[in-house]
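To start, the structure under review is shown below, and the notes come after it.
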Amino acid sequence: MRVLITGGAGFLGSHLCDRFLSEGHTVIAMDNLITGTTRNIEHLAGHERFLFIKHDVTNYIYVEGPLDAVLHFASPASPIDYLTYPIQTLKVGALGTHKALGLAKSKEARFMLASTSEVYGDPKVHPQVETYWGNVNPIGPRGVYDEAKRFAEAMTMAYHRYHGLDTRIARIFNTYGPRMRLDDGRVVPNFIGQALRGEPLTIYGDGTQTRSFCYVEDEIEGLYRLLMSDETDPVNIGNPHEISIREFASLINELTGNTAGVVFQKSKRIEGDPQTRRPDITRARRVLGWEPTIDIREGLERTIAYFREQLETGE
Ligand code: UDP
């Protein structure tokens with residue numbers, strides 16, 4: 001296949017590039033580099049089946065030659081990033097999705113949208129099943145991301161229904177691993193960075209809120225299988241192992257040997273921060289035969305090793 005990956009220099013995008021190349025496909029990565037970085041793909045420079053194009057996909061996308069798949073992964077993805085770039089976040093979810101769908105249609109390519117657990121907002125159904133419509137405040141600070149992704153799903157389904165486009169929607173839950181930016185503000189890099197510097201971990205609110213963390217290798221496997229499947233309804237791709245942020249902090253301190261403990265920062269909790277989050281992955285198990293295999297300790301050990309190296313080399 002010849003595939004275009006928007007957001008190809010980002011965290012998930014760059015891992016997807018690796019995966020598609022290793023399966024023998026040709027990959028074109030596109031990124032405007034506002035939150036992605038060419039460091040994530042520098043090891044691919046000169047690869048004969050890889051091409052990088054710096055482009056903002058909210059503008060018309062031109063790609064020469066045929067395409068078999070378009071994977072739309074461009075977007076700021078951490079709350080801190082999308083609060084820094086609220087308009088760009090809305091634009092890439094809305095205009096960027098439209099452009100990427102238009103490209104897929106003109107190339108008769110399959111399209112996959114990187115959607116998110118954020119479409120469920122602060123959920124009133126737990127764990128979250130794909131049939132749940134969510135609880136999102138459109139005008140809250142997180143609305144710029146949540147509503148952009150909800151719009152993107154609606155646009156994807158419209159192209160599927162009205163143009164007969166072959167589409168996939170992945171609802172991605174909190175994913176972590178190498179190539180997350182140390183300064184992206186999310187809980188995994190924040191806590192690991194703090195722990196490796198011997199600082200107390202900053203828990204926002206009282207730390208009773210929960211998340212379910214999926215190691216990137218598992219996530220990529222789920223995404224790859226989804227693209228190759230024929231499932232056109234949304235599929236949750238995440239790890240159902242749920243943990244409170246307080247427990248998560250203890251685990252990071254234990255795994256890094258950090259003795260500085262934690263501090264509670266009530267005011268740093270962003271309005272609308274979901275209290276619970278856990279994917280129901282019954283559909284993924286059934287249609288993709290997929291479930292995560294890497295447990296949180298193993299995943300965190302690998303991630304800690306990556307961040308330790310980043311800190312040592314000063315990157
Ligand atoms: N969080 C925290 N300390 C931090 C960063 C985040 O306690 O230094 C909390 C945040 O309030 C949220 C959870 O960790 O409840 C996950 O936050 P993240 O930014 O990773 O992503 P989210 O799942 O909210 O999109």
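The values are calculated or read from the model by the stated rules, or taken from the named source; none is laboratory data. For clarity, every value in this text was computed on a predicted model and none was experimentally measured. So basically every Cβ, Gly included, is an ideal-geometry build from the backbone, and we count neighbours across all protein chains shown. The area values use the complete protein model at the heavy-atom level, side chains included, leaving out ligands, DNA and RNA. Shrake-Rupley method; radii C 1.70, N 1.55, O 1.52, S 1.80 Å.
Remarks
- Loop-resident GluC sites (Glu not before Pro) (DSSP state other than H, G, I, E or B) in the stretch 98-149 with no more than 15 further Cβ atoms inside 10 Å of their Cβ: E108.
- With eigenvalues of the C-alpha gyration tensor scaled by 5 and rooted, the stretch 14-117, Å: 22, 18, 12
- Carbon/sulfur fraction of accessible area - the chain, other protein chains in place, 1.4 Å, %: 50 percent
- Two-decimal Rg to Rh for the chain - Kirkwood Rh, Cα set: 0.95
- Among S244, S117, S106: highest mean-square fluctuation, GNM of the chain, C-alpha pairs under 10 Å: S106
- Amide H to amide H, with H built 1.01 Å from N, F52 comes under 5 Å of A29, counting only residues 5 or more places away or on other chains.
- Under the simplified labelling scheme, the A45-E298 pair shows an inter-label distance of 3.4 nm, with each label point 7 Å from Cα along Cα→Cβ.
- The stretch 118-252 - Rg over Rh from alpha carbon coordinates, Kirkwood radius: 1.00
- With protein chains left intact and a 1.4 Å probe, residues in the stretch 1-129 average 40 Å² of accessible area per residue.
- With contacts taken as Cα pairs under 8 Å at a separation of at least 6 residues, the chain carries a relative contact order of 17 percent.
- Using a cut-off of 18 Å between Cα atoms, the listed pairs K54/K99; K91/K149; K91/K268 include K91/K268 as exceeding that distance.
- Taking every DSSP helix (H) stretch of at least 4 residues in the chain, weighting each as -39,500 (n - 2.57) and dividing the sum by the residue count yields a mean residue ellipticity at 222 nm of -11500 deg cm²/dmol.
- Computed log₁₀ I(q)/I(0) - Debye formula, equal Cα scatterers, no solvent, the stretch 47-196, q 0.21 Å⁻¹: -1.38
- Whole-Å distance, taken between Cα centres, linking the stretch 150-166 and the stretch 187-246: 27 Å
- Spherically averaged projected area of the convex hull of Cα atoms, the stretch 24-68: 3.9 nm².
- Taking θ as phi - 60° and the Karplus parameters 6.51, -1.76 and 1.60, the scalar couplings of the stretch 77-94 work out to 10, 9, x, 5, 5, 6, 7, 6, 10, x, 6, 4, 5, 5, 5, 6, x, 9 Hz in sequence order, x denoting glycine and proline.
- Karplus-derived HN-Hα couplings along the stretch 170-179 (A = 6.51, B = -1.76, C = 1.60, θ = phi - 60°), whole Hz, x at Gly and Pro: 9, 9, 8, 9, 2, 10, 9, x, x, 5
- Karplus-based coupling profile of the stretch 203-208, in residue order and whole Hz: 8, 7, x, 9, x, 7, with θ = phi - 60° in 6.51 cos²θ - 1.76 cosθ + 1.60 and x standing for Gly or Pro.
- Relative contact order (%) - the stretch 70-168, alpha-carbon pairs under 8 angstrom, separation at least six: 36 percent
- Cut-off under 5 Å, modelled amide H: who pairs with Q128 long-range: R278, D280
- Amide H to amide H, with H built 1.01 Å from N, F111 comes under 5 Å of V70, D166, T167, R168, counting only residues 5 or more places away or on other chains.
- Label-point gap, in nm, between Y162 and I139 - each point 7 angstrom along Cα→Cβ: 2.8 nm
- Stretch gain in nm, segment H25-E64, where the contour uses 0.36 nm per residue and the Cα spacing is subtracted: 12.4 nm
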